[in-house]
Amino acid sequence: MPVMKRRQLILGTTTLLAAPALAQPRWPDREVSVLVPFGAGGSTDVSVRAVCAEAEKILGVPMQIVNRTGGQGTSAPTQVAQARPDGHTIGSAAMSGLAIAPHMFEVSYNLDSFSYLSGTARFLYGIAVRAESPYGSVQDLINAAKARRITFSATGPPNNLGLFELNRKAGTRFGFVPFQSGAEAVTAAIGGHVDATSQTPPEMIPAIQSGRLRLLASASPTRWKEFPDVPTLREAGYDVMIESLLGFVAPKGVPAERLAVLGDAIQRAAATPAVEEALGRFGMVPAILSATEFEGAIRSGFTSYGDQLREAGLARR
């Protein structure tokens, strides 16, 4: 065989062998299912849909929202933990499902059942009293709770944990009165059936703006943007806050390169103005965390909330 033809044959063969390595298939190559642990229309559902609407533009495939409403918010993480670890099934994950629920209910998953993708948002909480209340500041309320039992309404963890923590750290006597919904909890405070309420902005802001409630403090790490003059509990001198983050997880075992693709798309989506606007409508703020940061926050919350729930007698035995 002539030298020139031999060289052409060798080069052609080399090119054919190298072609598959160069032409890596695009991933994801089909839709990604996103399991949401609560029903459609709520704050978690709407915020997840907002993130996914932006993320699917980046990924180039649809992100299909699947609501799982059973099991006190544990059905979705249960199914995510059991899903095929190929990256095509992921779930939204909040402190409530991963850091709180396992202390209160029997669940089949633990914090090692997941690969963490990204944190996207923070829920906000606040402490308010009815407009006619004699308590004009959070310090007034705390002073009263040191002298006698002060009742407050909330729907349950984590809404009630800030005041439980005040009981432990400040020697107060806040008594929890549970309600099925945030609206009922707020109505009880407005009607004077309880002394205070600990709830999220969507339930409280209309009543505050109409002059029926008075916001005394943000129980979150940050102030509420609607009421920038109202301090956080920490700013008022008490090392207490309710930290509740929302993000995304995948089953354990998804290949690292796929986790990186998903995590990058979710973080970029969460940083868009459209997502910030959607979060604001439900009293939430962006909290964009890397996979490592989000996992660290969930693990820290699991430990701290476990201690608080046991102290309050709410942890399962």
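The values are calculated or read from the model by the stated rules, or taken from the named source; none is laboratory data. Source: prediction; values computed, not measured. Cβ coordinates were reconstructed from backbone atoms using ideal geometry, including for glycine residues, and neighbour counts include every protein chain displayed.
Scanning segment 173-193 for residues that are assigned to a loop (DSSP other than H, G, I, E, B) and farther than 17 Å from Leu161 by Cβ returns Gln180, Ser181, Gly191, Gly192, His193.
Residue count for segment 262-295 under the criterion of being aliphatic (A, V, I, L, M), surrounded by fewer than 18 Cβ atoms within 10 Å (Cβ to Cβ) and assigned to a helix (DSSP H, G or I): the result is 1. You will find that of Pro202, Pro221, Pro178, the residue that is of a type outside the set (A, V, I, L, M), farther than 24 Å from Gly119 by Cα and surrounded by fewer than 21 Cβ atoms within 10 Å (Cβ to Cβ) is Pro178 and no other. Does at least one position in segment 138-145 carry a residue that is outside any helix (DSSP H, G or I) and at pLDDT 95 or above? Taking every residue of segment 138-145 in turn, none turns out to be outside any helix (DSSP H, G or I) and at pLDDT 95 or above.
The residues of segment 283-317 that are farther than 21 Å from Leu117 by Cβ, among the acidic types (Asp, Glu) and touching a residue at least 60 places away in the same chain (Cβ under 8 Å) amount to a single one, Glu311. Picking from residues in segment 115-134 that are assigned to a loop (DSSP other than H, G, I, E, B) and under 31 Å from the mean Cα position of the chain (by Cα), the one that is nearest to Arg310 (Cα to Cα) is Tyr125.
Based on this model, can you work out whether Pro206 counts as farther than 28 Å from Ala297 by Cβ and outside the structural domain of Met95 (by TED's automatic domain parsing)? In short, yes. Checking each residue in segment 66-84 for being crowded, with 16+ Cβ neighbours inside 10 Å, in a loop (DSSP other than H, G, I, E, B) and not charged (D, E, K, R) picks out Thr74, Ala83. Just one of the listed residues (Leu213, Leu233) is assigned by TED's automatic domain parsing to the domain that holds Gly162, of a type in the set (A, V, I, L, M, F, W, C) and crowded, with 21+ Cβ neighbours inside 10 Å, and it is Leu213.
Asp239 meets each of the listed conditions (1) over 24 Å from Ser96 (Cβ atoms); (2) not assigned by TED's automatic domain parsing to the domain that holds Ile100 apart from (1). Scanning segment 207-255 for residues that are touching a strand residue (DSSP E or B) at 6+ places or on another chain (Cβ under 8 Å), in a loop (DSSP other than H, G, I, E, B) and more than 22 Å from Leu161 (Cβ to Cβ) yields Arg212, Lys225, Lys252, Gly253, Val254. Condition check: closer than 30 Å to Ala207 by Cα, of a type outside the set (Phe, Trp, Tyr) and assigned to a helix (DSSP H, G or I). Does Leu98 satisfy that? Answer is no for this residue.
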